[in-house]
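Structure, as structure tokens:
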Amino acid sequence: MTQDSIVRRITDFASRADPYPVYRELRGTPVLHEEEGGPYVISSYWDIEALLHDPQISSDAANLAAAGDDVLLQSEETGGLPPSFLRLDPPEHDRLRRMANSAFGPPHRPRRIDGMRGELREIVTGLIDGFGDARGIDLVDQFAYPFPVTVICRLLGVPREDEPRFRAWVDPLVASLDPGTRQGADEEFARTAREARMQLGMYLAGLAEERAKEPRDDLLSDLVNSRGPDGAMTMMEVLSTSVLLLIAGHETTVNLITNGMLTLLRHPDVLERLRHEPELAPRLVEELLRYEPPVQLVPQRTCITDIEVRGVTIPKGSRIWLVLAAGNRDPERFKDPERFDPDREDIQHLGFGSGIHICFGAPLARLETQIALTELARRLENPCLVQDPPPYRENAVLRGPRHLEITFDGVRP
């Protein structure tokens, strides 16, 4: 790639704090293909939406491997687990997703997520109380990072006394998702991640066996014991689905909460409004998912036949990047797209994707973020950014600050 390549600038860490000027330039060529063997980059809202629903576009891990190397496709060590349904196409994708959804939400478990509302608020309250008499915190390390792990533990049914062990295994796994961490990692870091992956897998397998014998009212029990029209999950499929929920759900929610608080601190009028109008939270979170989505682009797609987009033929087997964050600010779809507006009435964003692979954990991530931001706005007195822009993670796909240091005058009860 040349020095001024748009694809290079999308992945360049120098663009991480503000990638939106690059995305504006990218939309000037809605189907961009810069070099032989490189990805076809799609940036307009309507094209992305259509391709996310197109059965000729594959997410299968085998098709991705056949398409060749990609700077954004990182190897995923699964500890011997089969691919999650995120990396499968129909009909196998549909079978596993139906089975997982029967344990996770409507129509079979319509109150599972909403029923956690009180517990989520309790966890958030405990984390904010933990700030103590401090007048400054790192929101990532002290709030946005530990919150989703605790939630996933409660959802899966991890006993509370085991939560510290569980978090100790998750930390190196999540850290290994960040390419900057891995590129600078030594063998000790890699060994620690492998060990954590193995220990987590063994722990979940043991817990799943217990739930098979003595089911409880938790997600893991439902995954193990479900016997619907699609049959039952194998133990390996149970473990693969659990790890997917843990890893994908954690990183997305951390970035959504952190990007959300950063955006509110940059718009103090909206932050103050949220403090007095907690009912604003659902609309505000939807606008955040449009304005600063935690997943910036989807690089895990190939086409299984020749397709045509805007008069451009994309050959069978080509890699496709769908730049969700560029589509979310497409002026052909949204009025005044560069403005953060929690009162925006039409927010059919791409923040959670669309189509058959729309984010499985979206209902939980939404609720977590609504409660987190509302309580932070209500309880922190005069919060201010220490550094703007903050330091960002290396990852161009899962974009968010690595740290978000803020100061405040106190914590309200």
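None of the figures in this text is laboratory data; all of them are computed from the coordinates on show. Quantities reported herein were computed from a predicted structural model and do not represent experimental measurements. Neighbour counts are summed over all protein chains in view; Cβ atoms, including those assigned to glycine, are modelled from backbone coordinates with ideal geometry.
Here are the numbers for the structure shown:
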quantity: Mean Cβ count within 10 Å, highest first, over the residues of peptides 142-150, 304-312, 30-38; calculated: 142-150, 30-38, 304-312
quantity: Among 287-293, 333-339, 379-385, the order from most to least packed when residues are scored by Cβ within 10 Å on average; calculated: 287-293, 379-385, 333-339
quantity: Share of pairwise Cα separations in segment 220-301, more than 15 Å, in percent; calculated: 69 percent
quantity: Debye log10 I(q)/I(0) at q = 0.09, 0.12 Å⁻¹ for the chain, Cα point scatterers; calculated: -0.55, -1.03
quantity: Amide H partners (placed H, <5 Å) of LEU380, local residues excluded; calculated: ARG412
quantity: Shape metrics for segment 293-413, restricted to C-alpha atoms - Rg then Dmax, Å; calculated: 18.7, 60
quantity: Cα centre as origin, Lys/Arg/Asp/Glu Cβ charges: the chain dipole, Debye; calculated: 640 debye
quantity: Helix runs (DSSP H) in the chain reaching 24 Å along axis by Cα, Kyte-Doolittle at least -0.5; calculated: 235-266, 362-379
quantity: Additional length obtainable on full extension of the chain from TYR203 to GLU35, 0.36 nm per residue less Cα span; calculated: 55.9 nm
quantity: Inverse of mean 1/r across different Cα pairs in segment 249-362, Kirkwood, Å; calculated: 15.7 Å
quantity: Amide H contacts under 5 Å for ARG319, placed H, 5+ residues apart; calculated: TYR40
quantity: Those residues of segment 398-413 whose amide nitrogen sits under 20 Å from the label point placed on GLU381, 7 Å along Cα→Cβ; calculated: 406-413
quantity: Projected area, mean over directions - segment 322-374, Cα convex hull, nm²; calculated: 4.5 nm²
quantity: ARG399 long-range amide H proximity, modeled H, under 5 Å; calculated: GLN296
